[in-house]
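Notes follow once the structure below has been shown.
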Amino acid sequence: MDPSTFASAYGLSTSIGIRPFLTLALASLAMHFGYLHPAHAFAFLGTDGATWLLAGLAVLEFAADKIPIVDHTLHVLHFAAKPIAAALLVGSAVSAGGSPDASADLMMGLGALNALGVHTAVAATRGASTAMTLGVANPFLSLGEDIAAVLSAVLAILVPFAGAMLAAVLTLALLIVARHLYLEMRRSRAVTAS
């Protein structure tokens, strides 16, 4: 398999870990216009109906994630949706040469785990933000996540190695921010308790 395919799959699964429907909508558009060439089993992702459906879901996701209580419900639903979406999109990319095989199945599983890991960091960051700012900062975090997901997805589609590098940087940044916020919350609880 082509290394750029792996880079693209990694970038897309990371982007899905941030925004699943936005990433799927962008990938569907890329398939529709010939920038991504999915395997036959996943060609439905680039159809007119799928593109419109995913674009509609992306708009709903964008709006819902800006409302502090609704965003937490969305993150709970995304716990299942993101790994599935990542497996589908990674499968469409790595199986492009033919039908899915054992290596494609392995890559789909790794893509799902990557999306779940990124989702966990995003959800932890959002939870800490809610606790520290009573949800006031959440819409701003959400907008930053939207921008990161779009950049990551577009780069993963057009310049796969740059997309993979951005995905790695985003993942590392999310982990650092989530850890920092977690430690800050623990420290503030300790001060409050004493």
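The values are calculated or read from the model by the stated rules, or taken from the named source; none is laboratory data. A quick note: this is a predicted structure, and the numbers were derived from the prediction, not measured. Note: ideal-geometry Cβ built from the backbone for every residue, glycine included; neighbour counts use all protein chains shown.
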TODO: Please enumerate the residues belonging to the range 34-59 that are touching a residue at least 60 places away in the same chain (Cβ under 8 Å) and under 20 Å from the mean Cα position of the chain (by Cα).
DONE: Tyr35, Leu36
- [ ] Could you check Ala81 against (1) at pLDDT 90 or above; (2) more than 20 Å from Ala112 (Cα to Cα) and say which number it fails?
- [x] (2)
- [ ] Sort through Leu158, Leu143 and tell me the only one that's closer than 18 Å to Gly17 by Cα and either surrounded by fewer than 16 Cβ atoms within 10 Å (Cβ to Cβ) or touching a strand residue (DSSP E or B) at 6+ places or on another chain (Cβ under 8 Å) (or both).
- [x] Leu143
Open item on the list: Could you go through the range 172-181 and let me know if any residue there is farther than 21 Å from Leu113 by Cβ and not charged (D, E, K, R).
Closed with: yes
Task: Matching residues, the range 54-77, being out of contact with any helix residue (DSSP H, G or I) (no Cβ under 6 Å at 6 or more places or on another chain) and either within 22 Å of Ala9 (Cα to Cα) or in a loop (DSSP other than H, G, I, E, B) (or both) - done: Ile67
TODO: Could you check how many residues of the range 34-53 are farther than 19 Å from Ala149 by Cβ and part of a loop (DSSP other than H, G, I, E, B)?
DONE: 5
- [ ] Tell me which residues, restricted to the range 168-194, are surrounded by 17 or more Cβ atoms within 10 Å (Cβ to Cβ), among the hydrophobic types (A, V, I, L, M, F, W, C) and under 15 Å from the mean Cα position of the chain (by Cα).
- [x] Leu170, Leu174
Task: Top-ranked residue of the range 1-33 - restricted to ones that are without any contact (Cβ under 8 Å) to a residue 40 or more places away in the chain and under 28 Å from Gly144 (Cβ atoms), ranked as surrounded by the fewest Cβ atoms within 10 Å (Cβ to Cβ) - done: Phe33
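Residue-wise test of (1) in a helix (DSSP H, G or I); (2) of a type outside the set (S, T, N, Q); (3) at pLDDT below 90.
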residue: Ala86; (1), (2), (3): yes, yes, no
residue: Ser92; (1), (2), (3): yes, no, yes
residue: Asp105; (1), (2), (3): yes, yes, yes
residue: Leu110; (1), (2), (3): yes, yes, no
residue: Leu116; (1), (2), (3): yes, yes, no
Task: When residues of the range 145-167 are limited to those that are over 24 Å from Ala63 (Cα atoms) and of a type in the set (Val, Ile, Thr), the one farthest from the chain's Cα centre (by Cα) - done: Val159
TODO: Could you please find all residues in the range 63-88 being under 23 Å from Ala156 (Cα atoms) and crowded, with 18+ Cβ neighbours inside 10 Å?
DONE: His78, Ala81, Lys82, Pro83, Ala85, Ala86, Ala87, Leu88
Open item on the list: Cβ contacts < 8 Å: first residue more than 22 Å from His72 (Cβ to Cβ), restricted to the range 142-156; second residue surrounded by fewer than 19 Cβ atoms within 10 Å (Cβ to Cβ), any location; separation 6+ or different chain. Result?
Closed with: Leu155/Ala162
